[in-house]
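All remarks here apply to the structure that follows.
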Amino acid sequence: MRDSWTSATLGETCNMYQPTTISAKNFVSDGAYLVYGSNGIIGRFDKYNHENSELIVACRGTCGKMAITLPFSWINGNAMVVHPKTDNLDIHFLKYQLEYSGLSNAITGSSIPQITRQSLAPVRIAFPSNAEQQKIVDELDLLVGIKTNYTKQLEELNNLSQSIFFSTFGNPVANDKKWPVKPLKDLATFKNGLNFDKADKGRPIKILGVSDFQDRKIVDNTELSYILLSDSFNSDYLLKDGDFVFVRSNGSKSLIGRCVLVHTGGEDIVYSGFCIRCRFYDNTVQSDYFSEFVRTQLIKDVLTRGGQGCNIQNLNQGTLGNLIIPIPPKSIQDSFSKEMQEIERQKAYIVSNLTNIQCLIDATLDKYFG
């Protein structure tokens, strides 16, 4: 931060409060006004409680997540409104600064994390003139807009892949094109992942964990972190090129059944105990076909239906093995694969651009707030 900027606390510069909450059962599906909560937009209502755009901070659940609301919106009480007391502080500038510095020190509570007005008040900020604030916001908005466009292009390519899949192979559950079928257990073997202690000593080896899945279709060796394992660990946990790995267990049911194809790059890679490895021994199912097959919402629903447990949902080898796989002719799968490889080439180019623009955003944030 620059020495010439005004330095103060949030408590000195902003009014902070939690508005009145309305429950989801009172939302109005065709309401004229958006409702904001700790996760951003959560519904609509026929009234608003804020006429102007406001900076909100999640104070429950996703503590510290921030958003700028649209004018004429209802803001619920699990989001803290941070409203500057004067026109000398722009909420868009403030949002960039707080996102850069983070609000981890303002999060209180051990069993139920939360952010309160009292915990936010001591957070220090600094800001220049209105003109310079606007210049900084414009610069960052431009970069973030470019990133948003790249992200949208990726989403459109993912949707295109699924569209081509359905037009080529039909509904994968109903199998309306009457392809021959087999259960996955007749095509592949399965193995749960490796449980390890972070205090273990030994040689460094890369590991594929749930956090590496994100929305990826393919994971390669360059994207993974290391753990230390003794040389005596079971080599059956080593992944091979062409292996598929599924999320087996996680606190979020939305992650269960998520799947990635592994490219090892010739490097030793293991996978965590929260995952299941699927290794084909039958070449009648092509990897690009299977990748899109398991990414369809229909198949995700089959894999996650009836999960066990209260806090942790689980996918087991039995459920995975009983998954029915339609098997189209090899020539059709090969033709589909060529289309997918072209789409993946385009996605790789966009991902590279996303990486570059994120580096530029980080450098710009460092320049102004570091």
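Any read-out appearing in this document is the output of simple, stated calculations on the displayed coordinates, not a laboratory observation. Values in this document were obtained by computation on a predicted structure and should not be read as measured data. Positions of Cβ are backbone-derived with ideal geometry, glycine not excepted, and every protein chain shown enters the neighbour counts.
Computed over neighbours whose Cβ is under 12 Å from that of Thr264, the net charge equals -4, Lys and Arg +1, Asp and Glu -1.
Each semi-axis of the equivalent ellipsoid for the chain is √(5λ) with λ an eigenvalue of the Cα gyration tensor; in descending order they amount to 44, 25, 22 Å. Backbone geometry of region 20-36 corresponds, through the Karplus equation with coefficients 6.51, -1.76 and 1.60 at θ = phi - 60°, to 3J(HN,Hα) couplings of 5, 9, 10, 7, 4, 5, 9, 4, 10, 4, 10, x, 6, 10, 6, 10, 10 Hz, x marking Gly and Pro.
Under the definition of Cα pairs under 8 Å and six or more residues apart, what whole-number percent is the relative contact order of region 234-362? Don't skip to the answer; put the middle values down first.
Details: 139 pairs, mean separation 33.0, N = 129.
That works out to 26 percent.
For region 340-346, 3J(HN,Hα) computed residue by residue from phi via the Karplus equation (6.51, -1.76, 1.60; θ = phi - 60°) reads 5, 5, 5, 5, 5, 5, 5 Hz, glycine and proline entered as x. What relative contact order, as a whole-number percentage, does the chain give when Cα pairs under 8 Å and 6 or more residues apart are counted? About 16 percent, as a whole number.
Shown is the FRET efficiency for Leu160 and Ala8, computed with R0 = 51 Å from the Cβ-Cβ distance and rounded to the nearest 0.05: 0.55.
Electrostatic tally near Met16: other residues with Cβ closer than 13 Å to its Cβ, Lys and Arg +1, Asp and Glu -1, net 0.
GNM on the chain, alpha-carbon springs under 10 angstrom: the most fluctuating residue among Ser254, Ser23, Ser225 is Ser23. The value obtained for region 180-327, namely the Cα convex hull volume divided by the number of residues, is 110 Å³ per residue. Computed from backbone phi with θ = phi - 60° and the Karplus coefficients 6.51, -1.76 and 1.60, the 3J(HN,Hα) list for region 2-17 is 7, 5, 7, 6, 6, 10, 7, 9, 4, x, 7, 9, 9, 8, 10, 7 Hz; x is used for glycine and proline. Here the relative contact order of region 1-140, from alpha carbon pairs under 8 Å that lie six or more residues apart, stands at 29 percent. List, in the order given, every pair from Lys147/Lys185; Lys25/Lys185; Lys95/Lys347; Lys135/Lys253 whose Cα-Cα distance in the structure shown is over 32 Å. Cα-Cα > 32 Å for Lys147/Lys185; Lys25/Lys185; Lys135/Lys253; rest within. Taking every DSSP beta bridge with both residues inside the chain, roughly what % is antiparallel (nearest 5)? Roughly 85 percent of the DSSP beta bridges within the chain come out antiparallel. Put simply, the amide H of Asn314, placed in the peptide plane, has neighbours under 5 Å in Gln308, leaving out anything fewer than 5 places away on its chain.
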